[in-house]
Every structure is written in C-alpha cells, then in structure tokens.
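Written out below as structure tokens is the structure these notes cover.
The values are calculated or read from the model by the stated rules, or taken from the named source; none is laboratory data. Because the structure is predicted, anything quoted here is derived from the model rather than measured. Note: ideal-geometry Cβ built from the backbone for every residue, glycine included; neighbour counts use all protein chains shown.
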Amino acid sequence: MRERRFKDANGTEWRAYVVITAPKVAPFQQPMSAQFRPVRSSLAFDSENERRRLTPAPFGWEDVAPAELERLLHQAMTVTIRLAEPPRPSGSQ
C-alpha cells in the first residue's frame, strides 16, 4: 500500500492512503459471485485530529502534486473515529 504525507495550507500534516472494503456477507448467507460484490476503494486522509474519506479513490492520486492532494482533501467527507462502543446502562436491552 502506498502512502503519501503532505501539509495543507494551514500547516496540518496529513497522511493519504487507500482503504479497500468489501461488502460483508452474513453468516449462513449464500455469497453471491464476486461480480455482484464489488470491492470499494476510498482515499483516506488522516491527521492528528481528523479523518476524511474520498470515494472512490481517484486514479493516479499517488503521483499528483501536493496542491492536488489538498484539493482532493477538501472534497473528502469527514468521518467519525470510534474508539469503542459506549457502555450500555445495566438493565437495558
């Protein structure tokens, strides 16, 4: 997996890389053939305080100038970072 690091106009350092996800198949469910389960790729941008994703990952992102990476960063959607599931109150279902 290729990774790039760059700084945006505000001086924030970002790490860009591709995330590949495949659809989940539930237990005991017959998986469909691969042609009906497309793999999805996203260009991920991570900084110390924020995470963003751009789907699909643009072709050739590995070789673009840092200014173009920043343009792609601004197109990406911010995603929530989940550290753990919150505890459920006792007695709740």
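For the reader, a short list of remarks on this structure follows.
- Filter pass, GLN35 being modelled with pLDDT under 95 and outside any loop (DSSP other than H, G, I, E, B): yes
- Hits in the range 60-82 (condition: over 16 Å from the mean Cα position of the chain (by Cα), outside any helix (DSSP H, G or I) and surrounded by 10 or more Cβ atoms within 10 Å (Cβ to Cβ)): VAL64
- Matching residues in the range 38-59 - criterion: being at pLDDT 95 or above and either among the aromatic types (Phe, Trp, Tyr) or surrounded by fewer than 11 Cβ atoms within 10 Å (Cβ to Cβ) (or both): PHE45
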